[in-house]
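Structure record follows, encoded as structure tokens.
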Amino acid sequence: METPENESFRDSIGTMNEEGKRAWVYPKKPSGKYYDYRKYVSYVLLTFLFTAPFIKINGNQFLLFNVLERRFNIFGFPFWPQDFYLFVIMMVIGVVFILLFTAAFGRIFCGWICPQTIFMEMVFRRVEYWIDGDRGAQIRLDKQKWDAEKIRKRVLKWTIFFIISFLIANIFLAYLIGSDRLIQYIFEGPFEHLSTLISLLIFTGVFYFIFAWFREQVCVIACPYGRLQGVLLDNKSIVVAYDHKRGEKEKGRAKFRKNEDRAASGKGDCIDCFQCVHVCPTGIDIRNGTQLECVNCTACMDACDSMMEAVNLPKGLIRYASEENIEKKAPFKFTPRLKGYTAVLVILIGVLTGMLFLRSDVEANILRLPGQLYEHKDNNIISNVFTYKLLNKTTRDIEDIQFKLKSPKGEIKSVKQGEIIVPAQDLAEGTLFIEINGSALSGDKNRAVIEVYSGDKLIETTSVTFLGPRSYK
Ligand code: SF4
Ligand code: SF4
């Protein structure tokens, strides 16, 4: 995008005044097509966030991130520390996804999906509009002395903010310790679980601080994703952008005069009404060009469209566009680059989903008993002793466990008498002997492949190193 000659706006952020103090942003209440769409998206996401900890699949909470006990459920699949490699792969895929997605589609995530924006703009801000009124009324109320009206409004707003923050903290706790335990704690009374209550109040305080005071500064100052925009975006990235070619033309932006022939006047289509600035929740002027503070919330697109409609000019002066679209006046196209990025993103999501579904229900770890080599028995039988750990990742008991030696030919004898059962979401441990005739060995170290069955069903295959005498070569 053509850089404006006066770049002084980049010397400071929109939420700071010349003295370096916080410039409180009073965004005008947005309205329009995009705001409506964002509201619908927020309803879906908020419903998901608040219900996901209470949804169960095969008895497993749909999403659980119990870092304290190292238990995780993703889409109802239980994960164990043994599945950590999956987390690493997920994180790598997540980073690649973010890089590609941002390079192609800019900060769409921030405006439409980010929990910070959803809670701030679609929950807390709407409560604020409801109690304090729109931008003008909010500015007046802030300047107003502490009379009965201001006290009533402030107490009501802060109380509602606190209740919502407390609710959010509870939901986060349900993701952390599990919804069953949360409900149990609620019924047993908070004072029975004082440390949990204290953590809950600390988190409530953090959420309250963020949404009542810190607000857009999260996106502008604190968010690492926001900080990355400078390196992730290029002139082909789709962002919320002001069409400066159309907005400025030869004579620049100018106020609208009734009955004027705008097209013939040489003035730009921007009527300098400042509506796009007044609705901006990060306090910037998008007409200055793409800025780090912009969370792509689309509020300025709606505001400008309504102004364009009012003065009978085409909509889309501020729209989703790349720098290249605007410079070359080319309409938005799903370019090969975007198609390529989208294909890579779809493949990555496919790989991750496949990995989640292909993950085995049981994990077998069979290890040599420390300090033991081998035993030479009668009839040239070589015996090694191992310990096994079977981890059941499912919510049902796995019964009738049997170990079979797939190769080389030999026998496995479990020390445990009777049936081996691995309880649901638990471990079974024990000792077993592998016995192989010396003639079947090819040296002192041999790879032995072990199959684990539940009844007739093969549930896991693993291998160990079987030791024998060197002479068997
Ligand atoms: S410039 Fe527009 S899209 Fe960006 S944050 Fe402000 S209102 Fe939202
Ligand atoms: S809302 Fe549109 S017309 Fe009004 S100042 Fe912003 S860009 Fe110009």
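Carbon and sulfur atoms: what percent of the 1.4 Å accessible area of segment 281-356 do they account for?
65 percent
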Sort 463-469, 18-24 by the packing proxy (mean of other Cβ within 10 Å over each peptide's residues), most packed first.
463-469, 18-24
Computed about the Cα centre, the charge dipole of segment 339-473 from +1 Lys/Arg and -1 Asp/Glu charges at the Cβ has a magnitude in debye, to the nearest 20, of 640 debye
Could you tell me which trypsin sites (Lys or Arg not before Pro) in segment 335-395 are loop residues by DSSP with no more than 16 other beta carbons within 10 angstrom of their beta carbon?
ARG359, LYS377
Percent relative contact order of segment 149-226, based on C-alpha pairs within less than 8 angstrom and at least six residues apart?
35 percent
Using Cα-Cα distances under 8 Å and only pairs 6 or more residues apart, what relative contact order does the chain have, in percent?
14 percent
Rounded FRET efficiency, nearest 0.05, which uses the C-beta distance separating TRP158 from ILE89 and R0 of 35 Å:
0.20
Where nothing but the Cβ of Lys and Arg (+1) and of Asp and Glu (-1) is charged, how large is the charge dipole of segment 242-330 around its Cα centre, in debye to the nearest 20?
360 debye
Of PRO423, THR342, SER360, whose Cα points farthest to the positive end of the dipole of segment 333-473 (charges on the beta-carbon: +1 Lys, Arg; -1 Asp, Glu; origin at the Cα centre)?
THR342
Expressed as an acute angle from 0 to 90° and rounded to the nearest 10, what is the orientation of the C-alpha long axis of helix 84-105 relative to the principal long axis of the chain?
20 degrees
Given a 1.4 angstrom probe, I'd like the percentage of the accessible area of segment 1-153 that is carbon and sulfur, rounded to a whole number.
64 percent
For the chain, take the longest principal axis of its alpha carbons; what is the angle in degrees between that and the long axis of helix 179-188, to the nearest 10 within 0 to 90?
80 degrees
So what's the angle, to the nearest 10 degrees on a 0 to 90 scale, between helix 336-358 and the longest Cα principal axis of the chain?
40 degrees
Of PRO78, CYS294, ASN259, which is farthest towards the positive pole of the chain's charge dipole, taken about the Cα centre with +1 and -1 on the beta-carbons of Lys, Arg and Asp, Glu respectively?
ASN259
Distance between the C-alpha centers of segment 399-418 and segment 172-206? Whole Å please.
46 Å
Using a 1.4 Å probe on the protein chains only, how many percent of the accessible area of segment 393-433 belongs to carbon and sulfur?
46 percent
Please give the contour-minus-distance gain from VAL351 to ILE113: 0.36 nm per residue of separation, less the Cα-Cα distance, rounded to one decimal in nm.
83.4 nm
For segment 335-387 and segment 90-167, what is the separation of their C-alpha centers, rounded to whole Å?
45 Å
Check: the chain dipole with +1 on Lys, Arg Cβ and -1 on Asp, Glu Cβ, in debye
1120 debye
Ignoring ligands, DNA and RNA, what accessible area per residue does segment 328-372 give at 1.4 Å, in Å²?
68 Å²
Rounded to the nearest 0.05, what FRET efficiency do GLN82 and PHE187 give with R0 = 45 Å and r taken as the Cβ-Cβ distance? Could you check?
0.85
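Suppose R0 equals 25 Å. What FRET efficiency, 1/(1 + (r/R0)^6) with r the Cβ-Cβ distance, do THR387 and SER442 give to the nearest 0.05?
Here the calculated transfer efficiency is 0.50.
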Using a simple spin-label model with points 7 Å from Cα along the Cα→Cβ vector, what separation in nm is obtained for LYS245 and SER199?
5.6 nm
Probe 1.4 Å, heavy atoms of protein chains only: per residue, the accessible area of segment 86-206 in Å² is 52 Å²
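The values are calculated or read from the model by the stated rules, or taken from the named source; none is laboratory data. Everything quoted here is computed from the prediction, not taken from an experiment. Cβ sites come from the backbone with ideal geometry, for glycine too, and all protein chains shown count toward neighbours. For the accessible areas, the whole protein counts, side chains as well, though only heavy atoms, and no ligand, DNA or RNA atoms are used. Shrake-Rupley method; radii C 1.70, N 1.55, O 1.52, S 1.80 Å.
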